Amino acid sequence: MGASPDMIRSVIRGSGSALPRNAVSNDELATRVDTSNQWIVERTGIRQRYIAGEGETTGSLAIDAARAALADAGIEARSIDLIVLATATPDNTFPATATKVQHALGCNGGMAFDVAAVCSGFLYALATADSMLRTGMAKRALVIGAETFSRILDWDDRTTCVLFGDGAGAIVLEAAEVADDGPGVLATRLHADGAHHEMLYVDGGPSTTQTVGHVRMKGREVFRHAVVNLAEVLGEVIDGAGLSVADIDWVVPHQANARILDATARKLGISPDRVIYTVDRHANTSAASVPLAFDVARKDGRIKPGDLVMFEAMGGGFTWGASLVRM
Ligand code: UT7
């Protein structure tokens, strides 16, 4: 038998991330709302979050993360012909924050747009870029998740304001001919179910209230759906790639709540020490959380070339999805 023929896959060439300067502890929040460090740690695993200050925006964090990812990949910005930026907190209602990133990087002329799938945004952005790379519409992409959720939180609502943080993560994806057992995005599944709008939404917007609005969430309901939906979609992706749970080296989940990460790992039958946890220091950064966690685990040497990595997320909409990538 000869080697299997090469195929075009989207290969991760580098990653980068960016956080606001200011970290805010649970104790600091307890001086503003009726909460405690103990409640937040026990119920969520969160110990601190980063909150954007003056001059820090979704766009500025995205630009910093993108520059770091390009430097890590050793790829020049001008060769990027696609930028897909996942965010629910754009700098402006329009144009897309991705165009701001494009201009700052000096790679004008290719494609640049935002996708809105809230906490699943990075998975939706990754799937979109992967499809465009594999069909030849682009050659090199930046896929970014960037958020400043602190700007849409109701700071008097203890049930939401303690949960979220700001940040950005980015990866560089390149279309490459690889062997069957080579690197790249292997399988992805995305879902949405609009019936659950009221469980996690923002109570404002340009076409309804002409305001930005605040995050509203029925946390317990979202928790229940998250564990069921994530376990299901993870199974679909593993089957779709013709692999088994035992083949997975790392799960890089959306960082909403350490208890959701534990419960999903248990349901999947994967050991918690194969799961990347950054929720303790970043809290829930929505679309930024998966690429932020991925960058942390690559840079600290846990995720290595050849590893099989599962990305997964679930969020407002509901939307959810998972993607299996060989490094
Ligand atoms: O990223 C998108 C996806 N989002 C998620 O995945 C979030 C999913 N949900 C969760 O992570 C959890 O449901 C929460 C962390 C939001 C809440 O944890 P929970 O264990 O489900 O708590 P709960 O909502 O059932 O609330 C328990 C109690 C309530 O008091 P009573 O009614 O039992 O007296 C709340 O009022 O905790 C109270 N509570 C708080 N107490 C202190 C709610 N928030 C706080 C708080 N500090 N910050």
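The values are calculated or read from the model by the stated rules, or taken from the named source; none is laboratory data. The structure presented is a predicted model; accordingly, all values stated were derived computationally and were not measured. Cβ coordinates were reconstructed from backbone atoms using ideal geometry, including for glycine residues, and neighbour counts include every protein chain displayed. For accessibility, only protein heavy atoms count, side chains too; no ligands or nucleic acids. Shrake-Rupley method; radii C 1.70, N 1.55, O 1.52, S 1.80 Å.
Consider only pairs whose beta carbons are under 6 Å apart and that are at least six residues apart or on different chains; among these, list those whose first residue lies in segment 301-327 and is closer than 30 Å to Ala195 by Cβ and whose second residue is of a type in the set (S, T, N, Q) and open to solvent by 10 Å² or more (accessible area, probe 1.4 Å).
Short answer, once both residue conditions are applied: Met314/Asn229; Trp320/Asn229; Ser323/Thr188.
Would you check which residues across segment 210-241 are among the hydrophobic types (A, V, I, L, M, F, W, C) and under 12 Å from Leu200 (Cβ atoms) and list them?
Val215, Met217, Val222, Phe223, Ala226, listed by residue number.
Condition (residue is under 30 Å from Gln38 (Cα atoms), surrounded by fewer than 21 Cβ atoms within 10 Å (Cβ to Cβ), acidic (Asp, Glu) and in contact with a helix residue (DSSP H, G or I) (Cβ under 8 Å, 6 or more places away or on another chain)) applied to segment 145-157: is it met by at least one residue?
Yes, because at least one residue in segment 145-157 is under 30 Å from Gln38 (Cα atoms), surrounded by fewer than 21 Cβ atoms within 10 Å (Cβ to Cβ), acidic (Asp, Glu) and in contact with a helix residue (DSSP H, G or I) (Cβ under 8 Å, 6 or more places away or on another chain).
Could you list, in sequence order, the residues of segment 1-36 that are within 14 Å of the ligand (Cβ to nearest atom) and open to solvent by 60 Å² or more (accessible area, probe 1.4 Å)?
Answer for segment 1-36, where residues must be within 14 Å of the ligand (Cβ to nearest atom) and open to solvent by 60 Å² or more (accessible area, probe 1.4 Å): Asp27, Glu28, Thr31, Arg32, Asp34.
Looking at Ala65, is it crowded, with 19+ Cβ neighbours inside 10 Å, free of Cβ contacts under 8 Å to residues at least 24 places away in the same chain and away from the ligand (no atom under 16 Å from the Cβ)?
The answer is no for Ala65.
Keeping to segment 37-60, report how many residues are among the acidic types (Asp, Glu) and within 16 Å of the ligand (Cβ to nearest atom).
1
Go through the residues of segment 230-243 one by one and say whether even a single one is farther than 24 Å from Pro183 by Cβ and out of contact with any Asp or Glu (no Cβ under 7 Å at 6 or more places or on another chain).
yes
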